[in-house]
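Accompanying notes for the structure given below.
The values are calculated or read from the model by the stated rules, or taken from the named source; none is laboratory data. Everything numeric here is computed off the predicted structure, so don't read it as measured data. As a convention, Cβ positions derive from the backbone with ideal geometry for all residues, glycine included, and neighbour counts pool all protein chains shown.
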Amino acid sequence: MKIKVADIPEEESLTLQESLRPEPLRLETPVWKFSGPLELTASFQRTDDVVLVAVELSGPTQRVCARCLEPYSADYSGRFHLDYQLNPSMTLDITEDVRQEILLSYPVRPLCRDDCRGLCPQCGANLNERSCSHASS
Ligand SMILES: [Zn+2]
Ligand SMILES: [Zn+2]
């Protein structure tokens, strides 16, 4: 998403919306990918020396559970702020910074559900689906 700083009014914020295709953003990891477009809403506001950007994002994802290793779907949503040195003649492109924020917000261990029981360490059974004879206490 790009914006000419000169287009941001001095007294009020300017809100832009855009659908981003996930592929060019290279957001895919072995356990996470966006399965549809990301809806990006950004509100730009200028002060005397900075441009403040409030960003909201949402989009559907496919993830792999860190405990049971099953794929599952979940909606991503994120909210963060960016700021830039004000340069009235500049065109601001926030795409790369948005991409970095998304990558930083990924959970280290995505879980299909909070109480996912995972796999039996001995026989590999998915304990969400069945129990096995190795059930521990
Ligand atoms: Zn799981
Ligand atoms: Zn087992």
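Brief remarks on what is shown
- With respect to being of a type in the set (Asp, Glu) and within 26 Å of VAL5 (Cβ to Cβ), ASP75 falls outside the description.
- Qualifying residue in segment 21-40 (condition: assigned to a strand (DSSP E or B), among the β-branched types (Val, Ile, Thr) and modelled with pLDDT of 95 or more): no
- Between ARG63, ARG67, the distinction of being within 16 Å of ligand 2 (Cβ to nearest atom) and surrounded by 16 or more Cβ atoms within 10 Å (Cβ to Cβ) belongs to ARG67 only.
- Residue selected from segment 89-137 under the condition among the small types (Gly, Ala, Ser) and away from ligand 2 (no atom under 16 Å from the Cβ), by the criterion surrounded by the most Cβ atoms within 10 Å (Cβ to Cβ): SER105
- Exclusive hit being within 10 Å of the chain's Cα centre (by Cα) and buried (at least 16 other Cβ atoms within 10 Å of the Cβ), set LEU57, LEU82, LEU86: LEU57
- Single match in LEU57, LEU111 (criterion: of a type outside the set (Val, Ile, Thr) and touching a strand residue (DSSP E or B) at 6+ places or on another chain (Cβ under 6 Å)): LEU57
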